[in-house]
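Each value in this text was obtained by applying a stated rule to the coordinates, not by laboratory testing. Remember, it's a predicted structure, so these values are computed and weren't measured experimentally. Neighbour counts are summed over all protein chains in view; Cβ atoms, including those assigned to glycine, are modelled from backbone coordinates with ideal geometry.
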Amino acid sequence: MRLERNRYYAVLEQTQKGDLDITEWLLWFLVCMDNALAATEALQHHVLAKAHFWARHTHTAFNERQSSLLNRLLDGFSGKLTTTKWARLPTVHLIPPCEIFKTLSKRVFCRKHRVEGAVRGMS
C-alpha cells in the first residue's frame, strides 16, 4: 500500500468530495491486496526454493566461503558473478571467486561463461 499512497489519497479525496460512492476506493483496495498477495507468494516461493536447495545438499560439505557465495546466488544475485563484482560485494573473502567456483561447479548448479577461452563469470 505504501507504493500506491498517492493513488490512495486521490481515490479517498474523490470518494469524500463526490457522491460518497466507495466503488473506486474498493477497486483500489482490492488491486493493492492482489499485488500484496502476489508479492508474498513470490517471496514464499523464493524462500522455499532456497530451503529445498539446502535440504537437498544437507550432506554436501561446503566451507564458509562456498556457503556465502551460494547464499548470495540463491538470494537473487542478478547477472553473472565476475571477480570484479565479487570484489565489490561487502564482507567478501579475499579468496577470488574462481577458486570457490572450481569446487562448486563440480558439485552444484553453477555454469561457467567463457569469453575468448577465459572464464568471465558464473551463474
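Name the long-range amide H neighbours of Lys80: under 5 Å, sequence gap of 5 or more, or other chain; modelled H, no Pro or chain starts.
For Lys80, no residues qualify.
Modelled label-to-label distance, Lys85 and Leu37, 7 Å Cα→beta-carbon offset: nm?
3.4 nm
Subtracting the Cα-Cα distance from 0.36 nm times the residue separation, let me have the gained length for His45 to Phe29 in nm, one decimal.
Full-extension gain reported as 3.3 nm.
Taking the C-alpha atoms of region 1-56, how large are the radius of gyration and the largest Cα-Cα span, Dmax, in Å?
Reported Rg and Dmax, both Å: 17.4, 59.
Could you sort the peptides 61-69, 48-56 by per-residue average Cβ neighbour count (10 Å cutoff), highest mean leading? Write out the running numbers ahead of the final one.
Numbers: 61-69: 14.9, 48-56: 11.8.
Taking the mean over residues of other Cβ atoms within 10 Å, the ranking is 61-69, 48-56.
Would you kindly derive the ³J(HN,Hα) couplings of region 36-43 from the backbone phi angles with the Karplus curve 6.51 cos²θ - 1.76 cosθ + 1.60 (θ = phi - 60°), listing them in order in whole Hz, with x for Gly and Pro?
Each residue's phi maps through the Karplus curve to give 5, 5, 5, 5, 5, 5, 5, 5 Hz.
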